[in-house]
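The values are calculated or read from the model by the stated rules, or taken from the named source; none is laboratory data. A quick note: this is a predicted structure, and the numbers were derived from the prediction, not measured. Neighbour counts are summed over all protein chains in view; Cβ atoms, including those assigned to glycine, are modelled from backbone coordinates with ideal geometry.
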Amino acid sequence: MYLIKRRPRNTMLIKPYNPVTPPIPSKPTDWAADKVTYPAVCQPKMNGVKALLSPDGKLYLKSAERRPHLEQYGGCGHWLDCELWHPHMDLGTIAGLVNRHASDNETAKLQLWMVDLINPYVAQADRLLALEILLPSLSNAEIVISWVCNNGFEAAEHYKRIQNNDAYDGMIYRNYRAVYQFGKTDYVLKRKKELDGEYLCIGVTEGMGKFFGMLGSFQLRDDKGNEFSCGGGDLTVSDRQAFWKTPPIGSHIQVRFPYYSTNNIPQCPQFVRIRNNPAV
């Protein structure tokens, strides 16, 4: 069910929020069932790079760094919370284009997906409705699909669909009535996808900082010979020390991760257990 079910009020009545410097975008906290207030606005979590579009079309990263070579979308008179994304590019590719500092045919392919209207005086539902009116002012831009979920059962159905869609890496829950929040907030929650798999351990890497002198990550290999690193997940210090002293080389490790790269390699994998040692 799409969120847009009634005519948006004229955005001319919404006074633009125009701070002198780029605003700090909302940063979601981790999802938990008891944190969600219904009705909630649910959106697929794009696996792209966070961006801010100024009223006059300047493009900034969440760090407030400007990216002039990506300013191809135009402006709509309001600050927008967006995601730079492309359905056939993984996060590493997108980030590389964002940091290239020069425009070319590849950077021109990046799409601007509007996530929210940045305005601390307007409720979430009205902000998302307003995006429909603002969309025609922009080029190569889209609006992230939104659903109004009245309870956890409806939200769970959308989450299941997202789990089966490789284009997304989770779901965002937004408080339907909240005004825009700057920085980390419980009014915006992220629920990441949970894929899992088992891979051969071929080595371990020493940790840094508080994990110096113990396991930092596992080195794994898939059936096609691709090698990648896997974080320690929820391993305790004693577990990390034990694995560093006696690496589980030759064992199969079960890992959990949110999505695959375009080369079908698990991204951001975390340790779950040793396959032949369920107690670990």
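Would you please name the residue that is nearest to V122 (Cα to Cα), looking only at residues in region 72-90 that are touching a Gly at 6+ places or on another chain (Cβ under 6 Å) and without any contact (Cβ under 8 Å) to a residue 60 or more places away in the chain?
Ranking the qualifying residues of region 72-90, first place goes to L84.
Please pick out the residue among A108, A102, A64 that is part of a helix (DSSP H, G or I) and among the small types (G, A, S).
A108
Can A102 be described as of a type in the set (G, A, S), closer than 19 Å to N47 by Cα and either modelled with pLDDT under 95 or not assigned by TED's automatic domain parsing to the domain that holds Y168 (or both)? So that I can check it myself, show each step before the final result.
Numbers: of a type in the set (G, A, S): yes; closer than 19 Å to N47 by Cα: no; either modelled with pLDDT under 95 or not assigned by TED's automatic domain parsing to the domain that holds Y168 (or both): yes.
The answer is no for A102.
Answer yes or no as to whether Y173 is touching a helix residue (DSSP H, G or I) at 6+ places or on another chain (Cβ under 9 Å), in a strand (DSSP E or B) and buried (at least 19 other Cβ atoms within 10 Å of the Cβ). Before you say what the answer is, go through the steps one by one.
Values: touching a helix residue (DSSP H, G or I) at 6+ places or on another chain (Cβ under 9 Å): yes; in a strand (DSSP E or B): yes; buried (at least 19 other Cβ atoms within 10 Å of the Cβ): yes.
When the stated conditions are applied, Y173 passes them.
Regarding V41, is this residue buried (at least 21 other Cβ atoms within 10 Å of the Cβ), within 15 Å of the chain's Cα centre (by Cα) and among the β-branched types (V, I, T)? Reasoning before the result, please.
Working: buried (at least 21 other Cβ atoms within 10 Å of the Cβ): yes; within 15 Å of the chain's Cα centre (by Cα): no; among the β-branched types (V, I, T): yes.
Against the criterion (buried (at least 21 other Cβ atoms within 10 Å of the Cβ), within 15 Å of the chain's Cα centre (by Cα) and among the β-branched types (V, I, T)), V41 does not qualify.
Under the condition of being of a type in the set (D, E, K, R) and in a helix (DSSP H, G or I), which residue from region 111-133 is nearest to the chain's Cα centre (by Cα)?
The residue in question is R127.
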